[in-house]
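Accompanying notes for the structure given below.
Derivation of every value follows stated rules applied to the coordinates shown; laboratory data play no part. What you see is a predicted model; the values in this text were computed from it and never measured. Here the Cβ positions follow ideal geometry from the backbone for every residue, glycine too, while neighbour counts run over all protein chains shown.
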Amino acid sequence: MIARVFLALLLAAVPAVPARAAADRYPPTTLIEDVPAQIDADASLAGMQIFLPAGLDRQTSAQNGFAALVGEVVAQTPVQEDGTEMPLRDAIAALGANLTVTVEPEDIRYYVEGRPDAVVSALGLLGTALAAPDFSATTLNLAKRSLRLRIIDADQSPFGVVSAMLRSSYYRGSGAGYAPMGSPEIVVGAGSKALHGFWAANYRQGGASLAAAGRVDARVVRAARSAIAELPQGLPQPLTLQTRMPTNPPARIITHRDVGLPWIGIGFAAPAIGSKDFAAMLVVRAIIESLGRTDAIVSRPAALRPINAAYQYDVRPANFIIYSSGSSFGSPTGLREIFAATELLSSKPLDRAVIARYRTLATGEFVMENMTLEDRSALVGLFRRFGLDGDAANDVLGDIAAVTPADVERVVKKYLDKYTVAVILPRATKQQPQH
């Protein structure tokens, strides 16, 4: 019965969601003094990414949280702006620009966005803080307080918890699988000397890279290069990232959180960005995601859909997650509902007219998730670090337009037959005494 229901959804009920056409291309990526930049002459803002190999994989188990905490210390480091000393993040805001810090498995990203003149000045302040973070008790306490609040927020996101659980199963003996914000206990107990040691080992000129998008010119690029030039010379110690793939029978991971109903996530291996199967996997994601939208006139939030999908192609190894909200998993058929779609996709090719609709959905989603200057500059940097052409985003759109039903069937069979299961269960509550 379930299989017939899903087949009907796949073949007949595709929501009429507006999407970008494949003809809508990204601005071409050019090199400005060897820095890849997706230049947009119509943009009023410039965005610059600085990538440093000081991410999660650089942490030991006793340093789980150091990467994020050092990033927050940098953002809180006092700098001089217009004769006034203030935290770096505030000083950049006073210039009319914005600073964000993102911790990833293999990198930490410092991103500055604003008018070109403001970005040039902001990058100068960022370079000062990167070269000499303030590990004093005052700044460190501010950084810890800020990071602890973000850890609490992250712990209340069921998908964030599921994603972290699955990622931790992909890596062997590496901090790359740790939660991005770290362990609250280690963050609270981290000392200035240990954090300074983490900074000294990993914040080096030789490991840095740049990428940009928007109204970028040589002045912005040179300001970013000057910021990197203030770091200590040399390269961080090389690392070899060891990973393991999902297995059959699957591994199962269970945790407890303050949630009303259980959540489940099924993690699969997935093709890397730039591979021949990448576009087809984007279409598979669009198909599975559409199943959570077909029973409502207006698309529901992810947390309220019976089935959701996430394709994390910005990490190595890439992974694909199908996850279910508590209301769906709470039924006896919850787990079978997750697998019904993949079973059908691997056993019966879709009609060509139907696949065309899903190609449109996949195109729209890829464009939407890589729309802002921050997203686009991060994507350009990702292409560079993965050894891909700077205009690979445009190639992806063309590849999506060429995906066939046979491609979808092949990719589902190749990648979605082995998996890891992550389950979030509600915490046990104490029973109230009876009177």
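Full extension of the chain segment joining Ala218 with Met371 gains 52.8 nm, where the gain is 0.36 nm per residue of separation less the Cα-Cα distance. Under the simplified labelling scheme, the His196-Ala356 pair shows an inter-label distance of 6.6 nm, with each label point 7 Å from Cα along Cα→Cβ.
For the chain, set up a Gaussian network in which alpha carbons nearer than 10 Å are linked by springs, and say which option among Val259, Val367, Val103 fluctuates the most. Highest fluctuation among the options: Val259. Ordering Glu365, Glu230 by the number of other Cβ atoms within 10 Å of each residue's own Cβ, fewest first, gives Glu230, Glu365.
A Förster distance of 51 Å, applied to the separation of the beta-carbon atoms of Thr100 and Glu343, puts the FRET efficiency at 0.80. With helices as the sole contributors, the chain gives -13000 deg cm²/dmol at 222 nm; each DSSP H run of n ≥ 4 counts as -39500 (n - 2.57), and the sum is divided by every residue.
Placing +1 on the Cβ of every Lys and Arg and -1 on the Cβ of every Asp and Glu, with no other charges, gives region 29-229 a dipole of roughly 500 debye about its Cα centre. Going through (i) 19.1; (ii) 24.2; (iii) 20.5, the figure that equals mean projected area of the Cα convex hull in nm² as computed for the structure here is (ii). Angle of helix 2-12 to the longest C-alpha principal axis of the chain, folded into 0 to 90 degrees and rounded to 10: 70°. Listed by chain and number, the lysines whose alpha-carbon sits under 17 Å from that of Lys276, ignoring those within fewer than 8 places in the same chain, are Lys413, Lys414. Note on the chain: with a GNM built from Cα contacts shorter than 10 Å, the maximum mean-square fluctuation among Leu45, Leu123, Leu210 falls on Leu45. Angle of helix 278-290 to the longest C-alpha principal axis of the chain, folded into 0 to 90 degrees and rounded to 10: 60°. Angle, helix 405-415 long axis vs. longest principal axis of the chain, Cα atoms, 0 to 90°, nearest 10? For 405-415 against the chain, the angle is about 70 degrees.
Rounded to the nearest 0.05, the FRET efficiency derived from the C-beta distance between Thr404 and Ala272 at R0 = 22 Å is 0.60.
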